[in-house]
Structure formats: C-alpha cells, structure tokens
Protein chains: 2
Amino acid sequence: MKKTSVERLASAPRAPHDPQRTRRAILDAARIVFAEKGFSGANVDEIVARVQTTKPTIYYHFRSKEGLFAAVLEDVYAGMRDIERSLDLQELPAAAAMRKLVEITFDYHAEHPDWIRLISVANIHGAKHIAGSESLAPSNSAIIVILRELVYRGVREGLFRDGVDALHLHLLINSFCFYRVSNRHTWKVIFKRDLEAPEDVEAQREVIVGAVLRFLARG
Amino acid sequence: MKKTSVERLASAPRAPHDPQRTRRAILDAARIVFAEKGFSGANVDEIVARVQTTKPTIYYHFRSKEGLFAAVLEDVYAGMRDIERSLDLQELPAAAAMRKLVEITFDYHAEHPDWIRLISVANIHGAKHIAGSESLAPSNSAIIVILRELVYRGVREGLFRDGVDALHLHLLINSFCFYRVSNRHTWKVIFKRDLEAPEDVEAQREVIVGAVLRFLARG
DNA sequence: GTCTATAAATGGATAGAC
DNA sequence: GTCTATCCATTTATAGAC
C-alpha cells in the first residue's frame, strides 16, 4: 500500500533534511580530521563518525575526498579574511597601527593551529586543491593593500623609511606568526623548549612587533 | 645438486650484497617520495621502484614505514648540522658575521625544498617520529650556542643591544627562511606572486638580513 | 640480505532503496 | 538528500625460499 504524504509526516520522523546544516557539520568535522591527519592520512569514515552522517551524503555534497578538502580550505581562509576586514587602523598613528596589525596577526595564528596545519597540508600537496579557486585570491590579498597604505602613511608622517615592499613586509610578519605554530613540534624535540609556554609567547609577540617596527623605522 | 660457492660466484652474479649501499639508496629514494607525497600519501612500492630493491628488504632494514620515515628525518637533519658546523664566523666583525649566518641559512633553505617539506610533514604528525631520538637534540642545537656567542660579541663591540634571546633570534631568522619556501604554493595562488623569481629572491634575502641587523642594532 | 608470492586490512567510492 | 550495503583498488606487511 502506497504511503500518502500525510502518513510519511506522521511516522516517526528522523532528523529533518537540512542540507545547509549537513554541509556545515561535514565541513567542521572534516577540518578537524584533515588538520590532524593530513590529506591522505585522513579517512572519510572518521569524518562520517564525527558528523553522524554517511559516506554517500559526503560524496553527494562534495563529489570526492579532494573536493571536500578543497571546500575545507576555502572555508578556513574565510576566517582570516574576516579578521583582516575587521581591522580598524585609521584612528591610530602609523606605529601604533602597525603594532596592532602585527599583534592581531600573531594572536589569530596562535589561536588557530588547525588553520595552520591545513595550510601546511595544502602546501605539501603543491596547493593544487585551491589552484583553480578565484574566490580566494582577490579577497585575501586585501591585507596587502592595507599594509601598503599603512606604510605610506608612516612614510608621510616621517616615521617609516621609504621603499619597503608590502608583500615582503607581510612575509616577514606572517612567517614568524605561522612558523612558531607550525614547527613547534620539531622545535620542542630539538631545542627542548615549549614555544607555547605563556610567558614565552608574550616575549615572542614582542620580538615580532619589535622586529617589524625596527625594520620600518627611519634611519 | 647443491651449488658450491665457486659455482655461485661463477653464475651471472646480481648486484653483490652491500647492505650499507642498499640502506643509503633506500633512504635517498624515500626522502624524495615522502617529501613529494607526505607520510600517508607516500607508498612503499613507489620507493621500491626507485631503488630497484624489494619491499621485504626495506622492512628488513627499517622495520616499518614509520621506521623508514624516522630514519629519513634523522638523515636530513644531519645535512643542516654539517652546514652549521662549517660556519666560520670568528674572523668577521659581529655585524658581518651575522649577515653571513643569515645568508647561509637563507640559501640552505632555498636549496633544500625537500628538507623543508619533510619537516612540515613531521610537524603535521606532531613530530612523533623523532620524539624519541636523542641524537637530534644535542648536535642540532649547536646553532643556538653559536648565535648566543655572536650576539654577546656584538654587544661587547658596542654594535648590538643587550637582552636578545638567542632562541628568539633563531626563530626570527628560520621562520622567514623556512616559510618563504614551505608556503610558496599557497602564496602563489593568493597573492599571484612567485616567491622564487630570482630578482625577488635577492630582495627577500636582503629583507631578512636587514630585519635581523636592525633588530639587533643598538638604540 | 634479498628475493617471489601473497596475506590481510584499509579505505575511497558507488548502486540502489527510500 | 540521506540511508544500507557492498564493491574493489590500494597498500602495509610477512611467510618462506635462496
């Protein structure tokens, strides 16, 4: 006997279909697993177990394990984008603004080790998973424009020297903030020092702030 | 009929058993494959194909895939160790010595992308493969002693300011040299700029040399 | 120490029902 | 859009001969 739609609604309904919510939950679980195990080391069953969904559902939404990883990367980059957009540096003098920018970058990296591992994983695989993505490039390089304008402002104010390439400055800032998190495990083995010890974290923050301000200072 | 050892020697001999050579060849091939594919992505058959050996031979020498990866890591760290040992900075004034140290670090990283990928892979896996190794720590942290003495010398010469932690300085130098190689793929996608373009490489070298010297400069 | 052959398990992906 | 059940390629690892 054919069920009517009324009977379907009446019979003990499972979790209602909510594709956006499902998609979101899969992305969150996948982020954790990929960050923990790398791309090949991650296994789809483990993601399934975390989300309480099934493999076919994942493949329905993301087409393949690679598609899922690509979606995770696009998703995490959005977080950094939002931080950069929320930067409000206009009110501050150039040196104070630069200090704030470096500190926020430092803190964001320190608080998002998962993000850092994912980017490491992406680089190990030659960034092929995001190679085709046009959505990442324009919005994420906004930070370069912000940096460039801030440097110009410092030059006009007579505080900063001229001729510093904004991308090189970004490289100087990000390399430190990224590396101290990404490579903390091998550092601990080799140098017997915990880069995450709270007192030392504060000192490291001052190191990169100081290095950047001295790098830009005139004379 | 049982073969005598003379008959064995006479009959078309395969490559003679040379365990050290076999071990070396396996390590070299494994380094390439692990660097290219990560730990889980690498497959032992691919290593076998490169070396012209067999899987049981690999398992005989290294016990497991993990054991092989650990051996590769210990092996590549030795290269960096040799560079650091060969540093001869005594003749130079402190600032010139520091410049040389930074430039050599920069160049070594630039010339060894495989080494960098392997360390990234090790960190993604929490450095568990080298966690137990006591051979790595003492010899590799020699660089910290060198740095510390060089900073002291600069302070005595009145060139450098006091109070700089040698490990933080090492972090500043290495983070830049490492990151510009390790993260070049995602950078290319996001910022549309090739960090390996020869003219730009020279400029980056000057950026980190300048940043370090300005970081240390008195006043 | 190194080989051939194969065991044993894992894990990406899909067919087909609902 | 999501489920159950399963296929099948891949791949770590080893038994046993030489």
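The table below gives the values:
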item: Förster-model FRET efficiency, 45 Å R0, B:Leu159 and A:Asp88, C-beta, rounded to 0.05; result: 0.70
item: Positive dipole terminus of the protein assembly as shown, leading residue within A:Leu92, B:Ala78, A:Gly126 (C-beta point charges); result: A:Gly126
item: Three-way shape call for region A:60-219 based on the alpha-carbon gyration tensor, with the a/c threshold at 1.5; result: oblate
item: Loop-located GluC sites (Glu not before Pro) in region B:95-184, at most 10 other Cβ atoms within 10 Å (DSSP); result: B:Glu134
item: Inter-site label distance for B:Ala203 and B:Asp45 at 7 Å from Cα along Cβ, in nm; result: 4.7 nm
item: For region A:90-219: relative contact order, % (alpha-carbon pairs under 8 angstrom, 6 or more apart); result: 36 percent
item: Loop-exposed trypsin sites (Lys or Arg not before Pro) per DSSP, neighbour cap 16 Cβ within 10 angstrom, longest uninterrupted part of chain B; result: B:64-127
item: For A:Glu134, inter-copy label distances in nm, listed shortest first [label point 7 Å out on the Cα-Cβ vector]; result: 6.0
item: Degrees between helix A:113-124 axis and first principal axis of chain A (Cα, 0 to 90, nearest 10); result: 90 degrees
item: Cα gyration tensor shape for the protein assembly as shown, rounded if a/c is under 1.5, else prolate or oblate; result: oblate
item: Helix B:19-41 axis, angle to chain B major axis (alpha carbon atoms, nearest 10°); result: 60 degrees
item: Dipole of the protein assembly as shown, positive end: most advanced residue of A:Phe215, B:Leu159, B:Thr186 [Cβ charges, Cα centre]; result: B:Thr186
item: 13 Å reach of a label modelled at B:Asp75, 7 Å along Cα-to-Cβ, counting backbone N of region B:112-156; result: B:115
item: A:Ser135 versus A:Gln52: modelled label distance in nm, points set 7 Å from Cα along the beta carbon direction; result: 2.7 nm
item: In degrees, nearest ten, helix B:166-182 long axis to first principal axis of chain B (Cα); result: 60 degrees
item: Exam field: B:Asp194 pseudo-label spacings to other copies (7 Å along Cα-Cβ), nanometres; result: 4.5
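Taken together, the values in this text are just the output of simple stated rules run on the coordinates, not laboratory data. The structure displayed is predicted, hence computed values, not measured ones. Methodologically, a virtual Cβ is constructed for each residue, glycine included, from the backbone with ideal geometry; neighbour enumeration extends over all protein chains shown.
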